[in-house]
Amino acid sequence: MAGKTKISIENLNLYIGKQHILKNVTTRIPEKQITVILGPSGCGKTTLLKSMNRLTDLYSNVKVSGKIMIEGEDILHTDTDITSIRKRMGLLSQRPYPLPMNIFNNVAYGLRISGRKNKMVLRQRVQHYLELVNLWDEVKDRLHDPASSLSIGQQQRLCLARGLSVDPDIILADEPTSALDPISSEVVEKKFFDLKNQYTVVVVTHSLQQARRIADYAIFMYLGEIVEQGEASEFFSNPKQELTKSYIKGLFN
Amino acid sequence: MKFYNITRALRSRLHSSWMLTALIFSLLLPVLLAIGLYLKSAPLLHDQHLFTLLFSKSWKPLSGHFGMYPFIISSLWVTVIALILAGPVCLLSAIHLTQYARPIVLKIMHPVIDILAGIPSVIFGVWGILVIVPFVGNYIGPLLGKHITGYSIFSGGMVLAVMIIPFILNILIEVFRTIPEELTEVTLSLGATRWMVVKHVLLKKAFPGIISAFSLGLSRAFGETIAVLMVVGNVTRIPTGALQPGYPLPALIANNYGEMLSIPRYDSALMFAALVLLVIVILFNIISRYMIHRVEKNI
Amino acid sequence: MNRLKIRKAEELFFRVIMFLATSVILLALCMIIFSILRKGLPALSWSMISQLPKGGFYFGKEGGILNAIMGSVYLAFGATFLAFLIGLPVALYINIHLHKRKKLVNGIRFMLDVMWGIPSIVYGAFGFTVMLYFGMRSSLLAGMLTVTLFIIPIMIRAIDEVLKTVPTGLLEATLSLGSTKSETAYKVYFKQGISGIVTALLLSFGRAIGDAASVLFTTGYTDNMPTSLLQPTATLPLAIFFQLSSPIAEVKERAYASAVILTLIILFISLVSRISSRHYHKHKIK
C-alpha cells in the first residue's frame with residue numbers, strides 16, 4: 001500500500017441488539033488519499049464510517065469489539081475525551097444539515113465551542129473556510145441570513161466548510177452528493193481532490209461511477225463484511241473476487 | 001352473475017355514501033356545537049353587550065348581572081400555574097427520554113404516560129382532595145405564614161399540571177423525534193458534547209414545536225372541569241393570589257346546571273360561558289396545531 | 001482544561017434534573033394509584049359492587065353502587081358502538097377514497113385534532129341544549145349521544161393512525177384485482193388495521209366510562225338500575241363526585257371505594273389494550 005496508514009481497523013465487530021452489522025472488519029485507511037467504501041445499501045458501510053468517530057455510541061443496544069487505531073491510539077478503548085477525538089474528523093452527511101443558525105455562525109460554531117472567541121479571528125477563519133469551499137463570493141453579503149435560505153448545493157458546501165473549521169485531519173463523508181444536483185455534486189467532488197493534499201478523506205458511496213472518479217483506495221463491502229479492498233486502479237481493472245466482479249459490472253441493484 | 005355484479009356495485013355505492021355522510025357529519029360537529037350554544041346564549045347577548053359579559057366584575061344571577069370576569073381570571077390563574085409547573089418537567093423529561101434514556105427507561109415510561117393520560121378527571125379530583133389539598137393547606141400555607149384550607153387556585157393548578165403532563169410530553173417527544181439524527185451527529189463531530197447539542201441545536205430547532213406543545217397543554221387545562229372543580233374552592237371573587245380559592249369557567253358551568261332553569265337568563269349565561277370556552281380552545285388549538293404542522297414540514 | 005470541567009459539570013447537572021423530571025412523572029402516577037387504593041380499598045366490599053344504594057346516594061350508608069356501574073357500562077358500550085359506526089367509515093374513507101388527495105386529508109386530520117381538544121363540558125352543555133330543544137328529559141340515551149359526539153374524533157384519529165401505515169401497494173393491488181373501494185375497505189384495510197381498531201375501541205371506551213363533565217347535564221342521576229334508554233341513570237364518575245360532596249363520613253368512604261372501582265376498570269382496559277396490540281401485531285403485513 002502506498003502512503004502511511006492513517007486509520008487502521010482490526011477485527012471490528014458491531015452488533016445492534018442481536019443483529020450482526022459489522023463482521024470482522026479489518027482494513028487500513030491511507031493518509032492523504034481518498035478511500036472509497038462501496039457496496040449495496042444495507043451492507044454496513046455507513047455504520048463502518050460512523051464507528052470511526054464513535055457516532056455509533058448514539059445507537060441504543062450497540063455492542064462493539066475490536067480495534068480502531070488512529071495514529072496508534074485505539075479510540076474504542078481510550079481515556080481521551082471523545083469530543084476531542086471527534087473534532088479531528090469532519091463529517092459530511094447524505095443531505096446537508098445546516099445548524100439552526102445563520103450562515104456565519106454555522107461555520108463559527110465549531111470554532112467558538114473550541115474556545116476561539118476573538119471576533120477578528122473568527123471572521124478571518126470563517127472567510128477562509130468559506131473561500132476554501134468556493135462559497136464565500138456567493139454568501140459574503142448575506143452572512144446573517146439563516147443557513148436554511150441557501151440552495152441545497154450551497155448548504156452542502158457550507159456543511160463542508162463547517163466540518164473543516166475545527167481543523168480536522170480526516171474527512172468522513174456519507175454519500176455526500178446523493179441529494180445534490182449534478183453541478184453541485186461535481187463541485188463537491190472536485191473539492192475532495194483539492195482537499196486530499198491536506199486531509200485523509202473517507203467517502204461512502206453507492207455510485208460506482210463516482211467511486212471510479214475519485215478513489216485512490218477502494219473497499220467493497222457486502223452484508224457486513226469486507227469482500228475485497230485494494231488500490232483503486234487494481235481494484236477496478238482487475239478485481240479478484242466473483243462478487244466484486246459482478247458488482248463492478250453493475251449486476252447488483 | 002350479472003345480478004351479483006349489480007348488487008355488488010350497489011352495495012359499494014351505499015357504503016361510500018354512508019362513509020361520506022359520516023365524514024361530513026364529523027367535520028360539521030364543531031360548527032353544530034358553536035351554533036347550538038350560540039342560539040341558546042343569544043337572548044343574553046341581545047340584552048347585554050359582549051364586553052359587559054366578558055369584563056364586568058358583577059356576577060349576580062338573581063338580579064340579572066352576568067359578568068364573567070372573575071371566572072375568566074380564575075381560569076387564567078389555574079391554567080398558567082398548571083403550565084408553569086408542568087412545562088419544565090415535560091421539557092426536561094422529553095429531552096431525557098429522546099436523547100439520553102436507555103431503552104429500558106422508555107419501555108417503562110411509555111405505559112406510564114399512557115395510563116396517566118387515561119385516568120379519568122374525577123379520579124384526579126379525588127387524588128387532589130386526598131393529597132394535594134392537605135399538602136397545600138398544611139405545608140405550603142403555613143410556609144408562607146397563612147392559614148388556609150388548601151382548597152385553592154394553587155391546588156387546582158397542581159392537579160391540572162399532573163393531568164396535562166402526559167398530553168404535553170407526548171407532543172414534545174414527537175417534536176424531538178422529528179429532528180433528524182444527523183443534526184446531532186454533525187454537531188457532535190464539531191467537538192460538541194451531548195448537552196451542547198441539546199442546548200445549541202435541538203432546543204433551537206424544536207422551539208416552535210415546544211411553544212405549540214405548551215399552548216396545546218394550556219388549552220387542554222383551560223377546559224378541564226371536574227378535577228379542578230373538586231379542589232379549587234369555588235368562591236366567586238377575583239383572585240389576587242395563588243393560595244386563594246378561585247372559580248374557573250368550566251367549574252361555573254358544571255356547578256350551576258341544577259338551578260339554571262329556575263332563574264331567568266341563567267341558562268343563557270352558562271351556555272354563553274360554554275361558548276366562550278369553545279371559541280378560546282378552538283383558537284388555541286388551530287394556532288398551535290398549525291405551528292406544529294409547519295415545523296414538521298420544514299424539517 | 002478548565003473549560004472542559006465546567007462543561008462536564010453543566011451536563012451532569014442537567015442530566016440529574018432531567019432524570020428527576022422523568023422520575024417525578026413516574027412517581028406521580030404511583031402516588032395517584034397508591035393514595036386511591038389506600039383510602040378506598042378498606043371501604044370496598046362485595047356489597048358495593050353487587051347491591052343498589054339503600055337510603056339514597058347522598059345520605060345512604062348501606063348498599064352499593066351497582067346502578068352506577070351498570071349505567072356507566074351501558075353508556076360506554078352504547079357510545080363506543082355509535083362512535084364506531086361513524087368513526088370506522090370515516091377513517092376508511094379518508095385513507096382509501098381520498099387516498100390521492102393528500103392536502104384534503106391533512107386538512108381533515110387537522111380538524112379532527114382540533115376537535116379532540118374541545119373540552120367535554122362543552123359537549124355536555126351542547127347535549128343539554130339539544131335535549132331541551134327536543135323536550136327530552138335527562139336520560140341514558142341523551143348521555144350516550146353526547147358521549148358519542150365527544151369520542152368520535154378520538155375514535156377516528158386512533159383508527160386513522162393505523163390505517164395510515166397500510167402500504168399503498170396493498171391498496172393498488174386489491175383494486176387492480178377488481179375489488180370495489182368499499183370491499184377493499186372492509187375486507188383488506190379492516191384486517192390490516194385490526195390492531196388499531198381494537199386499540200381505538202378500548203381507548204374510546206375508557207374515555208366514555210371515565211368522563212364526568214359530559215354526562216353531568218345529560219344523564220341525570222338515580223338510585224335505580226337503568227332499565228330503559230329514556231330513563232335517567234347513574235354513572236360511576238358522578239357516583240364518586242356526588243358521594244364525595246356528601247357531608248356524611250361513611251358516604252365519603254363509599255366515594256373512595258367507587259374511585260377504586262373506576263381506577264381498576266381503567267387500568268384493566270389499558271392492560272387489555274397493551275396485550276391486544278401486541279397480539280394482533282403478529283398478523284400484520286409490514
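Just from its helices, what would the mean residue ellipticity at 222 nm be for the protein assembly as shown, if runs of 4 or more DSSP H residues each count -39500 (n - 2.57) and the sum is divided by every residue, rounded to the nearest 500 deg cm²/dmol?
Per the formula, -19500 deg cm²/dmol.
If you roll a 1.4 Å probe over the stretch A:1-127 with all protein chains in place, what percent of the accessible area is carbon or sulfur?
Its accessible area is 45 percent carbon and sulfur atoms.
In Å², what does the accessible area per residue of the stretch C:2-43 work out to with a 1.4 Å probe? Don't skip to the answer; put the middle values down first.
Details: 2740 Å² over 42 residues.
Normalised by residue count, the accessible surface of the stretch C:2-43 is 65 Å².
Kirkwood Rh, Cα Rg: Rg to Rh for chain C? Intermediate results must be reported in sequence, preceding the final value.
On the way: Rg = 23.4 Å, Rh = 21.6 Å.
Checking Rg against Rh, the ratio lands at 1.08.
Which of the DSSP-defined H helices in chain B satisfy a minimum axial length of 24 Å, computed from C-alpha atoms, and a minimum mean Kyte-Doolittle hydropathy of 1.6?
Details: long enough: B:2-47 (66 Å, 0.75); B:69-95 (38 Å, 2.07); B:153-178 (36 Å, 1.91); B:203-223 (30 Å, 0.80); B:266-298 (48 Å, 1.18).
Passing helices, by number: B:69-95, B:153-178.
Treat the stretch B:54-298 as a sphere of radius equal to its Kirkwood radius over Cα pairs and apply Stokes-Einstein at 4 °C in a medium of 1.567 mPa s; give the translational diffusion coefficient in µm²/s, rounded to a whole number. Don't skip to the answer; put the middle values down first.
Working: Rh = 19.6 Å.
The Stokes-Einstein estimate is 66 µm²/s.
Given a 1.4 Å probe, how much area per residue of the stretch A:98-166 is accessible, in Å²?
43
Here is the link list: A:K32/A:K190; A:K50/A:K87; A:K18/A:K63; A:K87/A:K140; A:K190/A:K245. Which ones come out longer than 18 Å on Cα distance?
Violating the 18 Å Cα-Cα cut-off are A:K87/A:K140; A:K190/A:K245.
Over both sides of the C-B contact, add up the buried accessible area with a 1.4 Å probe and give it to the nearest 100 Å².
That pair of chains buries around 7000 Å² in total.
Taking the Cα centre of the stretch B:1-97 as origin, work out the dipole magnitude from +1 charges on Lys and Arg Cβ and -1 charges on Asp and Glu Cβ, in debye rounded to 20.
Approximately 580 debye in magnitude.
I'd like the mean, over residues of C:26-35, of how many other protein chain beta carbons sit within 10 Å of each residue's own Cβ.
Mean number of neighbouring Cβ atoms from other chains: 6.
Taking beta carbons within 10 Å but only from partner chains, what does the mean come to for residues B:22-32?
Mean shielding count: 6.
Tell me, what HN-Hα J-couplings in whole Hz come from the Karplus equation 6.51 cos²θ - 1.76 cosθ + 1.60 at θ = phi - 60° for each residue of the stretch A:119-132, using x for Gly and Pro?
For the stretch A:119-132, the Karplus-derived couplings read 4, 4, 4, 4, 4, 4, 5, 4, 4, 4, 6, 5, 5, 4 Hz, x marking Gly and Pro.
How many percent of Cα pairs in the protein assembly as shown exceed 44 Å?
Here the tail beyond 44 Å accounts for 42 percent of pairs.
When Lys and Arg each count +1 and Asp and Glu each count -1, what net charge do the other residues less than 14 Å away from B:I129, Cβ to Cβ, add up to?
In short, +2.
Please check: in the Gaussian network model of chain C (C-alpha springs, under 10 Å), which one of C:A255, C:A208, C:A125 has the largest mean-square fluctuation.
C:A125
On average, how much area does the Cα convex hull of the stretch B:2-46 cover when viewed from any direction, in nm²?
3.7
Tell me the Kirkwood hydrodynamic radius of chain A in angstroms, computed as one over the mean inverse distance between distinct C-alpha pairs.
Details: mean 1/r = 0.0530 Å⁻¹.
Computed over chain A, the radius equals 18.9 Å.
Given a 1.4 Å probe and every protein chain left where it sits, what share in percent of the accessible area of chain B is carbon and sulfur?
That share works out to 67 percent.
How big is the stretch A:1-144 by the Kirkwood estimate over distinct Cα pairs, in Å? Present the calculation step by step, with values, prior to reporting the outcome.
On the way: mean 1/r = 0.0566 Å⁻¹.
Over the stretch A:1-144, the inverse of the mean reciprocal pair distance is 17.7 Å.
Summing both sides, how much accessible area is buried between A and B? Use a 1.4 Å probe and give Å² to the nearest 100.
2000
Give the calculated FRET efficiency between A:S149 and C:F134 to the nearest 0.05, with a Förster radius of 51 Å applied to their Cβ-Cβ distance.
0.30
Sorted by packing (mean other beta-carbon atoms within 10 Å per residue), highest first, where do B:234-245, C:228-239 land?
On the way: B:234-245: 16.3, C:228-239: 22.7.
Most protected by this proxy first, the peptides run C:228-239, B:234-245.
Please give the charge dipole size of the stretch C:2-43, origin at the Cα centre, charges +1 on K and R Cβ atoms and -1 on D and E Cβ atoms. Round to the nearest 20 debye.
In total the dipole reaches around 180 debye.
When ranked by the protection proxy of mean other Cβ atoms within 10 Å per residue, highest first, what sequence do the peptides A:221-230, B:124-133, C:81-90 form?
Top to bottom by mean Cβ count within 10 Å: B:124-133, C:81-90, A:221-230.
Rounded to the nearest 20 debye, what is the charge dipole size of the stretch A:98-166 about its Cα centre when +1 sits on each Lys and Arg Cβ and -1 on each Asp and Glu Cβ?
The calculation lands at about 400 debye.
Compute accessible area for the stretch B:124-146 by itself and then with all protein chains, 1.4 Å probe, and report residues whose area falls by 20 Å² or more.
With the partner chains in place, the stretch B:124-146 has these residues losing at least 20 Å²: B:V126, B:W127, B:I129, B:L130, B:V131.
In Å², and per residue, what accessible area does the stretch C:189-286 have when probed at 1.4 Å with the other protein chains present?
Working: 3950 Å² over 98 residues.
Heavy-atom accessible area per residue stands at 40 Å².
Rg to Rh ratio, the stretch A:28-105, alpha-carbon atoms and Kirkwood radius?
On the way: Rg = 14.5 Å, Rh = 14.8 Å.
That ratio equals 0.98.
To test your reading of the geometry: what angle, between 0 and 90 degrees and rounded to tens, separates the Cα axis of helix A:182-195 from the longest principal axis of chain A?
So the inclination is approximately 90 degrees.
If amide H atoms are built 1.01 Å from N in the plane of the peptide, which residues on other chains or at least 5 residues away come under 5 Å of the amide H of B:G67?
Excluding prolines and chain starts, which carry no amide H, the hits are B:S58, B:W59, B:K60.
At q = 0.21, 0.25, 0.26, 0.34 Å⁻¹, what log₁₀ I(q)/I(0) does the stretch C:2-43 have when each alpha carbon counts as one equal point scatterer in the Debye sum?
The calculated log intensity ratios at q = 0.21, 0.25, 0.26, 0.34 Å⁻¹ are -0.70, -0.79, -0.81, -0.98.
How large is ³J(HN,Hα) for each residue in the stretch B:49-62, as worked out from phi by the Karplus curve 6.51 cos²θ - 1.76 cosθ + 1.60 (θ = phi - 60°), to whole Hz, x for Gly and Pro?
6, 3, 5, 4, 4, 6, 10, 7, 8, 9, 10, 9, x, 5
What number do you get for the stretch B:1-101 when its Cα radius of gyration is normalised by 2.2 N^0.38 Å, N = residues?
My calculation over the Cα atoms of the stretch B:1-101 gives 2.03.
My understanding is that a pair violates if its Cα-Cα distance is over 32 Å; which of A:K119/B:K199; A:K23/A:K249; A:K249/C:K100 do that in this structure?
A:K249/C:K100
Averaged over its residues, how many other protein chain Cβ atoms are within 10 Å of peptide A:152-164's Cβ atoms? Before the final figure, lay out the partial values.
On the way: counts 0, 0, 0, 0, 0, 0, 0, 1, 0, 0, 4, 3, 0.
Average per residue, whole number: 1.
In terms of modelled amide H atoms, which long-range or inter-chain residues lie less than 5 Å from the amide H of A:Q33?
Residues meeting the criterion, in which the H sits 1.01 Å from N, are A:V201.
Taking each full run of DSSP H in chain C as one helix, which ones are at least 18 Å long along their axis (Cα atoms) and have mean Kyte-Doolittle hydropathy of at least 1.0?
Working: long enough: C:2-40 (56 Å, 1.08); C:66-96 (44 Å, 1.76); C:102-116 (21 Å, 0.43); C:120-133 (20 Å, 1.51); C:140-163 (32 Å, 1.88); C:194-210 (24 Å, 1.62); C:249-281 (48 Å, 0.67).
In chain C, the long hydrophobic H runs are C:2-40, C:66-96, C:120-133, C:140-163, C:194-210.
Could you tell me how many degrees, from 0 to 90 and to the nearest 10, lie between the Cα long axis of helix A:152-165 and the main elongation axis, the longest principal axis, of the Cα atoms of chain A?
90
Could you tell me the distance between the Cα centroids of the stretch A:52-79 and the stretch B:116-139, to the nearest Å?
One Cα centre to the other: 49 Å.
Amide H to amide H under 5 Å from A:Y222: which residues, 5+ apart in sequence or cross-chain, H placed 1.01 Å off N in plane?
The list, which skips near neighbours in sequence, is A:V227.
Put a dot 7 Å past each Cα toward the Cβ at C:F110 and B:F55; how far apart are the dots in nm?
3.2
In degrees between 0 and 90, to the nearest 10, how far off the longest principal axis of chain A does helix A:103-113 point, with axes built from Cα atoms?
Roughly 70 degrees, rounded to the nearest 10.
Which whole-Hz ³J(HN,Hα) couplings does the stretch A:59-69 yield from phi under the Karplus relation 6.51 cos²θ - 1.76 cosθ + 1.60, θ = phi - 60°, glycine and proline marked x?
Those phi angles translate into 5, 8, 6, 9, 10, 10, 9, x, 9, 10, 9 Hz.
So what's the stretch C:61-187 giving for Cα Rg divided by 2.2 N^0.38 Å, two decimals?
Cα Rg divided by the expected 2.2 N^0.38 Å: 1.35.
Pick from B:S74, B:S219, B:S56 the residue whose mean-square fluctuation is largest in a GNM of chain B, springs joining Cα atoms under 10 Å.
So, out of B:S74, B:S219, B:S56, the one fluctuating most is B:S56.
Taking Cα centroids, how far is the stretch B:190-233 from the stretch B:143-162 in Å?
Value for the Cα centre distance between the two parts: 22 Å.
Could you give the nm distance between label points at A:S237 and B:K204, where each point is 7 Å from its Cα heading toward the beta carbon?
4.9
The values are calculated or read from the model by the stated rules, or taken from the named source; none is laboratory data. No experiment lies behind these values; they were computed from the predicted model shown. Don't worry about glycine lacking a Cβ; one is built from the backbone with ideal geometry, like all the others, and counts go over all protein chains shown. Heavy atoms of the whole protein, side chains included, go into the accessibility calculation; ligands, DNA and RNA do not. Shrake-Rupley method; radii C 1.70, N 1.55, O 1.52, S 1.80 Å.
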